[in-house]
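As structure tokens, the structure follows; a few thoughts come after it.
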Amino acid sequence: MWQRYKLKIMEAKLIKTEEEYNIALSRIDELFDVTPDSKEFNEAELLIALVELYEQKHYKIEAPDPIEAIKFRMEQMGMKKIEMTKFFGTRGRVSEILNRQRALTLAMIKKLHKEFGIPAESLIA
């Protein structure tokens, strides 16, 4: 089926349908082990870029809720609420923030990003 849609560099076009998307993914699988700097490698790179563009439009992943991201990281690291005082200050402030009664400050966001590795975009949302 790919032969019908075989992509040539000069005939490249945007992926607009789910069928074209699936065909492109299949072709990328076929080209997985091609030699760099070959014609097939260039085709694979172009297909990957087109697939990524399609996915950004049709399968966009929203940034997680900041508080949920913090709680998830705390759980991953086995941290208790009391340990969050180094980021938020007092125990009361920790409680307020985790219960969504107080917003994160820029200083808190910077610390959390640096220490937890949570993307800043997720913390700002």
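The values are calculated or read from the model by the stated rules, or taken from the named source; none is laboratory data. Everything numeric here is computed off the predicted structure, so don't read it as measured data. Quick reminder, even Gly has a Cβ in these numbers, built from the backbone with ideal geometry, and neighbours come from all protein chains shown.
Quick notes
- Of the residues making up segment 26-38, those that are surrounded by 11 or more Cβ atoms within 10 Å (Cβ to Cβ) and either basic (Lys, Arg) or not in a helix (DSSP H, G or I) (or both) are Arg27, Leu31, Val34, Ser38.
- Looking at segment 74-125, the helices (runs of 4 or more DSSP H) lying wholly inside it that each contain 1 or more residues that are surrounded by 14 or more Cβ atoms within 10 Å (Cβ to Cβ) and among the basic types (Lys, Arg) sit at 91-98, 106-116.
- Per this entry, Glu62 is not counted among residues that are farther than 27 Å from Pro119 by Cα and either charged (D, E, K, R) or not in a loop (DSSP other than H, G, I, E, B) (or both).
- Any hit, segment 40-50, residues being small (Gly, Ala, Ser), exposed (fewer than 12 other Cβ atoms within 10 Å of the Cβ), at pLDDT 90 or above and not assigned by TED's automatic domain parsing to the domain that holds Ile109: yes
- Number of the condition not met by Lys60 [criteria: (1) among the basic types (Lys, Arg); (2) loosely packed, with under 11 Cβ neighbours inside 10 Å; (3) more than 30 Å from Glu20 (Cβ to Cβ); (4) within 20 Å of the chain's Cα centre (by Cα)]: (3)
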